[in-house]
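The values are calculated or read from the model by the stated rules, or taken from the named source; none is laboratory data. Keep in mind that this is a model prediction, so the values were computed, not measured. With ideal geometry, Cβ positions are generated from the backbone for all residues, glycine too; neighbour counts draw on all protein chains shown.
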Ligand SMILES: Cc1cc2nc3c(=O)[nH]c(=O)nc-3n(C[C@H](O)[C@H](O)[C@H](O)COP(=O)(O)OP(=O)(O)OC[C@H]3O[C@@H](n4cnc5c(N)ncnc54)[C@H](O)[C@@H]3O)c2cc1C
């Protein structure tokens, strides 16, 4: 990825290159806005399955429709940047968008990351950055010689956990998958435990208390490693209901300058609904940008 993209401030950063993100990008481009689109892997569109309810294309596979969408975007000189976005920070005048490969800037953001297959644990977002973390590399040092809990959803999280074990005094590891550490034994200060996390609270002495049904564990920090980046990880102050980002009819979230479209706003999970919401979110982002520009020129 070229550094020129990273050093440019875009009008709109669109996180997601499925039907919601690509429709948003095309609409924004037609309205003369500069756009950057991110993807972190395949969209749900990329499958071989046949789609029967997409208007005007009665006999098309997901893969073919995806190719048509990408080609349509290319006609507008829109390129897709492959970079998994891990955090979005609001600096007032612009958003700083942290990807795994680069840091970007944009004046507004459209979230179009697809369906969220997880719900936050009760208490999780409340203590984000204050006892709950998603990244040992970023936050592990704050827990040097302290006790931590790791809730992990995939064997690939064991590498990040091994790193945490080099810093923390003790790590209680709660795998939410089978056969944890079956390839290589865990470090000595890691204790393999069992249980489904139920909620996270804080005691009066500022310890994090994680409840696993009947049992609880009290530690200094909680690390949650999930395979996907749910939207509340990108923007912790987002209004979430269950596992969906709450939007109004204009695709606005509760955060000024942040819009959302597609499966992540909830059911029905349908291509045409995703594309329609992408269109609405882009038009709202354009109105937002034009209003902000007018106010700034007064
Ligand atoms: C097997 C199957 C069959 C289906 N059949 C139909 C059907 O017949 N008719 C129908 O209407 N619908 C169908 N659907 C549903 C349809 O696929 C979805 O509704 C649609 O793809 C949602 O579009 P979206 O843009 O919201 O998200 P997605 O298509 O899921 O795209 C999400 C995008 O976000 C990107 N992304 C996610 N996280 C990040 C991140 N952190 N950083 C950067 N990029 C990120 C991904 O790489 C991807 O590009 C089907 C779904 C499946 C799985």
Total residues in segment 151-169, condition farther than 16 Å from residue 184 by Cβ and either within 26 Å of the chain's Cα centre (by Cα) or part of a strand (DSSP E or B) (or both)
2
Based on what the data block shows, is residue 281 at pLDDT 95 or above, outside any strand (DSSP E or B), touching a strand residue (DSSP E or B) at 6+ places or on another chain (Cβ under 8 Å) and within 16 Å of the ligand (Cβ to nearest atom)?
yes
When you go through (1) surrounded by 14 or more Cβ atoms within 10 Å (Cβ to Cβ); (2) at positive phi one by one for residue 234, which number turns out not to apply?
(2)
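Would you confirm, using the coordinates I've provided, whether residue 273 is within 16 Å of the ligand (Cβ to nearest atom) and either assigned to a helix (DSSP H, G or I) or more than 24 Å from residue 168 (Cβ to Cβ) (or both)?
In short, yes.
Conditions (1) more than 30 Å from residue 196 (Cβ to Cβ); (2) more than 12 Å from the chain's Cα centre (by Cα); (3) not assigned by TED's automatic domain parsing to the domain that holds residue 239, marked per residue:
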| position | (1), (2), (3) |
| --- | --- |
| 66 | yes, yes, no |
| 85 | no, no, no |
| 103 | yes, yes, no |
| 110 | yes, no, no |
If residue 287 passes every condition in (1) under 25 Å from residue 69 (Cα atoms); (2) touching a helix residue (DSSP H, G or I) at 6+ places or on another chain (Cβ under 8 Å); (3) surrounded by fewer than 16 Cβ atoms within 10 Å (Cβ to Cβ) but one, which one does it miss?
(2)
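Tally up the residues in segment 254-270 that are part of a helix (DSSP H, G or I) and over 14 Å from residue 234 (Cβ atoms), please.
The total comes to 2.
Matching residues to (1) free of Cβ contacts under 8 Å to residues at least 12 places away in the same chain; (2) not assigned by TED's automatic domain parsing to the domain that holds residue 154:
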{"site": "215", "(1), (2)": "no, no"}
{"site": "219", "(1), (2)": "no, no"}
{"site": "239", "(1), (2)": "no, yes"}
{"site": "260", "(1), (2)": "no, yes"}
{"site": "263", "(1), (2)": "no, yes"}
{"site": "271", "(1), (2)": "no, yes"}
{"site": "279", "(1), (2)": "no, yes"}
{"site": "286", "(1), (2)": "no, yes"}
{"site": "293", "(1), (2)": "yes, yes"}
Filtered residues of segment 257-266 (kept if within 16 Å of the ligand (Cβ to nearest atom) and farther than 20 Å from residue 65 by Cβ)
258, 259, 260, 265, 266
Just need a number here: residues in segment 111-135 that are in a loop (DSSP other than H, G, I, E, B), under 22 Å from residue 19 (Cβ atoms) and in contact with a helix residue (DSSP H, G or I) (Cβ under 8 Å, 6 or more places away or on another chain).
5
